[in-house]
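Working notes, beginning with the structure itself.
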Amino acid sequence: MPKKFIQRFSPKPETLKAHPHLKYLGKALHNPGLWHLNRRSASGAIAVGLFCAWMPIPFQMVLAAVIAMIFMVNLPLSVALVWISNPITMPPLFYGAYRLGAFILQEKVVDFNFELSFSWLAQILETIAPALLLGCFILGIGCSFLGYLLTRLIWRFTMVQKWQKRNKKI
């Protein structure tokens, strides 16, 4: 069940290998371990994707792809999971991470008014960056660990169900 469900929404490796913007990766994309879907690669990809989703940096998908290549986990799944933090969900996710980091660092939560300028961005990052980064790192580690564990457990549970169903037929 999980394997077929994930494969239904995953792009084909041939499509991604032929993509003009991905040709700079060369033969690294041709490694079959990046496209194989099993309990180990899926749970690792979910951990990578969830960790990168919590990172308050641009190009989270590139980071997820590089980490997936390093750990040899499913590349499309790890990149797709980064979109948990999209432009709609980022403000509440990162605000919660900032609040957690401020709590751990025992700092006062700073109220601020949004202003679209580099000076405002530089000034606000000086005040909230340590708490935000700490909160994002802790939540990234926690969510990736939880996602890894739940994926392994759900995968195992569905396999046991298949085995039991097959044994009942015999």
> So what is the relative contact order for region 55-163, in percent, with contacts set as C-alpha pairs under 8 Å and at least six apart?
Replying inline: 29
>> Sort Phe94, Phe137 by heavy-atom solvent-accessible area, probe 1.4 angstrom, most to least.
In response: Phe137, Phe94
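The values are calculated or read from the model by the stated rules, or taken from the named source; none is laboratory data. Note that the structure is a prediction, hence the values are computed from the model and not measured. Only protein heavy atoms, including side chains, enter the accessible area calculation; ligands, DNA and RNA are left aside. Shrake-Rupley method; radii C 1.70, N 1.55, O 1.52, S 1.80 Å.
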